[in-house]
Amino acid sequence: DLARHLEEHQTTIAGAITPYFDESNLYELSHAQKRLWVLSQFEMGSTAYNSTSAFELKGGLINEVVEVAFNALIARHESLRTTFIVDTDEQPKQQIKAAAALGFKVDFVDLGQSDNALEEAKAVASEDATRPFDLENGPLVRATLIQIAQDVNILILSIHHIVSDGWSITVLFNDFIKIYNELLDGNPVDELKSLEIQYKDYARWQNELLSSDA
């Protein structure tokens, strides 16, 4: 009964999350982002919140299509194009960059002829997981595709926790597979349904709600 009551009244209490645009292209941080930004300022903070996942992909992959699919993924999700700067009031803000300005590249590693491909792939993943991100300049996501056999690849996806969480990783991976398959079928990726809201919209909604009477 309590869950049903909350569900029925949440939109009237909190209001719906709506898209938000600021000409300055500087947006508030959510409370979780503020905490992570502060922690990142301490020594070793730049690597403590790296989130790295590995996915095994079976079947032949076309590297050029993988690159295009990832750039389409980054264009789709503003969080993957977000960097963090300090404004003139000495407050951290998130800034959304254009996909083309981010300089994102997929790293391709060919271990198909190696006798110890899996162990070498693990070493690559370990190095990537401990490599720091630059919160101010980005990108805050890295993708490495490692070929360990003719039709077996391992995708290493590293993202800073300030722009993602464990649940988000699965969403991003599924989106990548969908975009890749659409490209293989010759379908333009701009026909994918656009996202109604982005994380910056949630951050603004959260801050307004927490500062209101509600």
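The values are calculated or read from the model by the stated rules, or taken from the named source; none is laboratory data. Note that this is a predicted model, so its numbers are computed, not measured. With ideal geometry, Cβ positions are generated from the backbone for all residues, glycine too; neighbour counts draw on all protein chains shown. Protein only, heavy atoms only, side chains kept; ligands, DNA and RNA dropped before computing areas. Shrake-Rupley method; radii C 1.70, N 1.55, O 1.52, S 1.80 Å.
Values for this structure:
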{"item": "Ranked by how many other beta carbons lie within 10 Å on average, peptides 154-160, 93-99, 33-39 from highest", "result": "154-160, 93-99, 33-39"}
{"item": "Order of exposure, largest accessible area first, which applies to 213, 110, 201, 134 with probe 1.4 Å", "result": "213, 110, 134, 201"}
{"item": "Fraction of antiparallel bridges per DSSP, the chain only, in percent to nearest 5", "result": "85"}
{"item": "Per residue accessible area of the range 145-184, 1.4 Å probe, in Å²", "result": "42"}
{"item": "On Cα atoms only, tilt of 2-14 relative to the major axis of the chain in degrees", "result": "70"}
{"item": "In sequence order, calculated HN-Hα J values of the range 100-106 (Karplus, 6.51, -1.76, 1.60; Hz; x Gly/Pro)", "result": "5, 7, 7, x, 7, 9, 7"}
{"item": "Helix 166-184 vs. the chain, principal-axis angle (Cα, 0 to 90°, nearest 10)", "result": "60"}
{"item": "For residue 76, solvent-accessible area (1.4 Å; no DNA, RNA or ligand), Å²", "result": "60"}
{"item": "Helix axis angle, 117-129 relative to the chain longest principal axis, alpha carbon, degrees", "result": "30"}
{"item": "Size of charge dipole - the chain - debye, nearest 20, with Cβ of Lys, Arg +1 and Asp, Glu -1, no other charges", "result": "120"}
{"item": "Estimated [θ] at 222 nm from DSSP helical runs (n ≥ 4, -39500 (n - 2.57)) normalised by residues in the chain, nearest 500", "result": "-12500 deg cm²/dmol"}
{"item": "Solvent accessible area, Å² - residue 84, 1.4 Å probe, full protein context", "result": "10"}
{"item": "Considering only the range 63-149, percent of DSSP beta bridges that pair antiparallel, nearest 5", "result": "55"}
{"item": "Interchain or long-range residues, amide H under 5 Å from residue 109's placed H", "result": "145, 146, 147"}
{"item": "Ranking by accessible area, most exposed first, for 173, 42 with a 1.4 Å probe", "result": "42, 173"}
{"item": "Other-chain or far-sequence residues with amide H under 5 Å of residue 160's (modelled H)", "result": "51"}
{"item": "The chain, accessible surface, carbon-and-sulfur percent (1.4 angstrom probe)", "result": "51"}
